[in-house]
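The block underneath contains the structure these notes are about, expressed in structure tokens.
Any read-out appearing in this document is the output of simple, stated calculations on the displayed coordinates, not a laboratory observation. The structure presented is a predicted model; accordingly, all values stated were derived computationally and were not measured. All Cβ positions, glycine included, derive from the backbone under ideal geometry; neighbour counts span all protein chains shown.
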Amino acid sequence: MSLPRARRTALLLPLGFFSLALVQPVHATTAPVTPEFKSQLVAQADGQVASFYAYGPGSLWIDANGALDPAAGELVQLIQTADEDGLDPAALHAAEITQAVNQAQANPTPATLADAEVQLSRAFAAYVAALEQDGPEAMQYEASTLRPRALGDYHTLSQAAVAPSLAEYIRGMNWMHPLYAPLRHALMADTGLAPADRQLAIKNLERIRQIPDQPRGRHIVIDSANATLWMYDGDKAVDSMKVVVGKPEKQTPAYAGYIRSAFLNPYWNVPADMVRSIIARNVLSQGFAYLKRQGYEVVSAFSNDADIIDPHTIDWPAVQRGELKVLVRQRPGPRNSMGTMKYEFPNPYGIYLHDTPEKETLAEGSRQLSAGCIRLEDAKRLGSWLMQGDIETVSGAPEQKLPLPQPVPIYITYLTAHVSGDGQLAFGPDPYDRDHKALASLD
């Protein structure tokens with residue numbers, strides 16, 4: 001399947017996408033909001049939607065004059081085009097919602113307005129819940145608090161009710177991560193997009209949906225496809241930097257965790273496969289001087305109080321064959337692969353964010369070069385942001401642990417589609433071949 005990577009199309013905002021005249025409220029011949037309308041809402045709704053109308057602030061989609069709010073048109077657009085999210089519009093009752101809205105416009109009685117109001121709320125709550133479901137490429141999460149969570153219809157509707165502008169809230173999809181709506185709108189606008197590229201864009205939307213809906217605090221997003229890190233404060237990207245991520249055979253996984261601590265003058269705990277394939281081989285070919293030159297030491301455990309083991313007592317041929325496992329770490333210093341600092345988040349892959357002495361790798365166009373860890377362009381700048389202040393070195397002691405003022409979520413994703421600076425849909429590299437595999441599974 002051909003996967004063109006440089007397609008550019010003008011971004012056309014999807015106003016007027018469907019025939020219903022919902023972008024402006026209808027003021028003439030509409031019924032005012034009355035106690036009868038309120039009773040109709042409670043009678044027609046059920047479950048948490050009924051609770052919202054019984055105890056909430058009132059109607060969402062019908063204004064005080066009994067007119068449909070412009071937000072209704074924005075929502076109908078989203079539901080009718082839910083296939084752009086990889087969802088089925090029919091499963092979200094797109095036809096029934098459209099019919100109810102049309103009838104409320106043509107004959108605005110308390111009963112028809114209440115029917116449109118309730119159906120729009122049901123559809124909105126169902127749409128939000130569907131967007132929060134895991135896709136086939138599910139991200140792994142350190143804790144359930146990092147996952148997108150459907151908090152129920154009542155919460156969904158109540159959150160929308162307090163938006164300064166409901167129409168802007170719906171159009172901007174402000175319950176999603178801020179990366180989502182721009183890509184979705186660009187996809188909608190590109191009506192001439194090839195089917196394969198459309199599926200790729202939808203796949204990228206699925207990946208963004210694995211990041212929760214606008215984490216209210218500070219968080220980090222890393223895109224391993226483009227080897228870029230963003231620092232977010234709420235819904236605003238406040239800084240970014242280049243990173244080096246895992247090579248194709250040592251891929252940095254899609255993962256979410258909490259960064260809790262920084263470490264100054266860190267040890268590097270060498271992964272077991274590298275001990276076997278690289279260190280044991282070099283010891284056998286270059287002698288024990290190799291270990292001293294590189295700052296490696298064999299230890300009883302990966303801890304500050306570990307015992308140092310004499311390398312002469314190790315059966316290195318057995319290590320190379322994989323018959324004997326030993327723990328090797330690299331002491332702090334100019335050769336240390338962690339550089340001067342690292343940032344840990346619990347994960348089963350043994351990966352960190354860390355400084356690097358190999359700054360030249362950050363100038364590469366393709367930066368999938370590491371064994372899985374994430375090398376930082378400016379570890380100190382990130383540390384100041386994480387710590388909300390400058391990092392001060394107390395001494396030259398190894399592994400100085402500095403807890404963060406509060407844990408910061410990190411989301412490692414893989415985005416091969418994005419919106420360019422001029423609002424156009426564009427595709428980037430697929431270094432891990434995940435897009436090709438995803439399309440192959442669809443075929």
| field | C-alpha center-to-center spacing [segment 151-175, segment 57-109] in angstrom | value | 14
| request: Please report, to one decimal in angstroms, the Kirkwood hydrodynamic radius of segment 268-330 built from all distinct Cα-Cα pairs. | output: 11.5
| For the chain, how big is Rg over Rh, using alpha carbon atoms and the Kirkwood form of Rh? | 1.09
| query | To the nearest 20 debye, what is the magnitude of the charge dipole of segment 35-211 about its Cα centre, counting +1 on the Cβ of each Lys and Arg and -1 on the Cβ of each Asp and Glu? | reply | 260
| segment 371-422: GluC sites (Glu not before Pro) falling in loop per DSSP and having at most 10 other Cβ within 10 Å | GLU392
| field | Percentage relative contact order, the chain, counting C-alpha pairs under 8 Å, at least six apart | value | 19
| field | Theoretical ellipticity at 222 nm over the chain - DSSP helices of four or more residues, -39500 (n - 2.57) apiece, nearest 500 | value | -9500 deg cm²/dmol
| remark: Percent relative contact order for segment 256-403, counting Cα pairs under 8 Å at least six residues apart, stands at 33
| remark: hull vol. (C-alpha, convex hull) per residue for segment 255-395, Å³ -> 139
| request: Mind checking segment 95-183 for trypsin sites (Lys or Arg not before Pro) that DSSP puts in a loop (not H, G, I, E or B) and that have at most 16 other Cβ atoms within 10 Å? | output: ARG149
| field | Length released on extending from ASN102 to SER39, taking residue separation times 0.36 nm less the Cα-Cα span | value | 20.5 nm
| remark: Sparse-neighbourhood loop hits (trypsin sites (Lys or Arg not before Pro), segment 209-280; DSSP loop; Cβ within 10 Å at most 11 others) -> ARG216
| Prolate/oblate/rounded label for segment 148-246 (Cα gyration tensor, a/c 1.5) | oblate
